[in-house]
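In what follows, a structure is listed as structure tokens, so that the remarks can point back to it.
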């Protein structure tokens, strides 16, 4: 067999391939269509038809319960929000720098005016007081000594004057005794001043010793405790970050009031002594009677608001500093009704 015949046998008959190719995809499409038809008929027969009413019924979404809103107040001419503030609040500190040795308060404790809150180390002031008292005692002893010398000088002057009258003492002796008495009298005045100075120095040391006890400036409730025994405390934090500037913070609960910022466009609806209804955010259904104390005569240019002070007419133990409140400014006739 020659090479040309071999090459002719290796050639592909393109006509036969073209006739065979379209038959295979058609077989697959027919098979898939048949299976899909059988499946649709079986589903329609076996499963019931869905109820249109059930399909159309909406499902109510489940939402988290939100905080109740306060009920609207009748006769309100303006609503605002604000905070409870204390007009009398103090961070109690020491007058001098010292180490805390005892603390007698905790948060939530009620204290009386003048009650001892803490004590500082008083070893040095106590020693300085003892030194001042010794100096005072020495000055008083010196004063008594000068007084004795003056009495002696007065007796000498009287004798010398008698001798001089009888010509038994010279004028020089009389002058010398008189000058000695005058010198002792001047020394007595100086010694009296030294006693006064020593007494004042001792008084200062007693005050410094008393300042080692930190006392409550007024009656109130402790809301923050800032120092512990062993820590340094200073009124100006001279020791840096390791030095406390206060022992505790006291709030006078009798001085609580409400402050709100009213938009300056509606400030004309607010008047002094105007009745107000206050609702705490924590207790929105409880309305507390109140009235406007004053309208602060200045505006905040950044927020375009004017601050209004409101007094609570009834004391309530639920009212705490920095609580959020909702305020309704009322008309006079609404409050009367």
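The values are calculated or read from the model by the stated rules, or taken from the named source; none is laboratory data. None of the values given here were measured: they were computed from a predicted structure. Backbone-built Cβ (ideal geometry, glycine too); neighbour counts: all protein chains shown.
Condition (residue is under 38 Å from the mean Cα position of the chain (by Cα) and not in a helix (DSSP H, G or I)) applied to the range 193-212: is it met by at least one residue?
Taking every residue of the range 193-212 in turn, at least one turns out to be under 38 Å from the mean Cα position of the chain (by Cα) and not in a helix (DSSP H, G or I).
Regarding the range 138-158, can at least one residue be identified that is more than 30 Å from residue 174 (Cβ to Cβ), outside the structural domain of residue 284 (by TED's automatic domain parsing), buried (at least 17 other Cβ atoms within 10 Å of the Cβ) and modelled with pLDDT of 90 or more?
Within the range 138-158 (the criterion being more than 30 Å from residue 174 (Cβ to Cβ), outside the structural domain of residue 284 (by TED's automatic domain parsing), buried (at least 17 other Cβ atoms within 10 Å of the Cβ) and modelled with pLDDT of 90 or more), the answer is yes, since at least one residue qualifies.
Suppose the filter is out of contact with any helix residue (DSSP H, G or I) (no Cβ under 7 Å at 6 or more places or on another chain), surrounded by 15 or more Cβ atoms within 10 Å (Cβ to Cβ) and outside any loop (DSSP other than H, G, I, E, B); does residue 227 pass it? Break it down stepwise before answering.
Values: out of contact with any helix residue (DSSP H, G or I) (no Cβ under 7 Å at 6 or more places or on another chain): yes; surrounded by 15 or more Cβ atoms within 10 Å (Cβ to Cβ): yes; outside any loop (DSSP other than H, G, I, E, B): no.
No; evaluated as a whole, the condition is false for this residue.
Among the residues of the range 266-280, is there at least one that is out of contact with any helix residue (DSSP H, G or I) (no Cβ under 8 Å at 6 or more places or on another chain), on the phi > 0 side of the Ramachandran plot and surrounded by 16 or more Cβ atoms within 10 Å (Cβ to Cβ)?
No; the residues of the range 266-280 include none that is out of contact with any helix residue (DSSP H, G or I) (no Cβ under 8 Å at 6 or more places or on another chain), on the phi > 0 side of the Ramachandran plot and surrounded by 16 or more Cβ atoms within 10 Å (Cβ to Cβ).
Is it the case that some residue within the range 287-299 is out of contact with any helix residue (DSSP H, G or I) (no Cβ under 9 Å at 6 or more places or on another chain) and either in a loop (DSSP other than H, G, I, E, B) or in the same structural domain as residue 101 (by TED's automatic domain parsing) (or both)?
No.
Go through the range 309-328 and give me each residue that's within 18 Å of residue 88 (Cα to Cα), in a strand (DSSP E or B) and either in contact (Cβ under 8 Å) with a residue 60 or more places away in the chain or over 24 Å from the mean Cα position of the chain (by Cα) (or both).
310
State yes or no: is residue 279 touching a strand residue (DSSP E or B) at 6+ places or on another chain (Cβ under 6 Å), more than 30 Å from residue 135 (Cβ to Cβ), touching a residue at least 60 places away in the same chain (Cβ under 8 Å) and in a strand (DSSP E or B)?
When the stated conditions are applied, residue 279 passes them.
Going by what's in this entry, would residue 133 be described as surrounded by 12 or more Cβ atoms within 10 Å (Cβ to Cβ), modelled with pLDDT under 90, assigned to a helix (DSSP H, G or I) and outside the structural domain of residue 96 (by TED's automatic domain parsing)?
Here the answer is no, as residue 133 does not meet what is asked.
Inspect the range 159-178 for any residue being outside the structural domain of residue 247 (by TED's automatic domain parsing), without any contact (Cβ under 8 Å) to a residue 24 or more places away in the chain, assigned to a helix (DSSP H, G or I) and under 60 Å from the mean Cα position of the chain (by Cα) and give the result as yes or no.
No, the range 159-178 contains no residue that is outside the structural domain of residue 247 (by TED's automatic domain parsing), without any contact (Cβ under 8 Å) to a residue 24 or more places away in the chain, assigned to a helix (DSSP H, G or I) and under 60 Å from the mean Cα position of the chain (by Cα).
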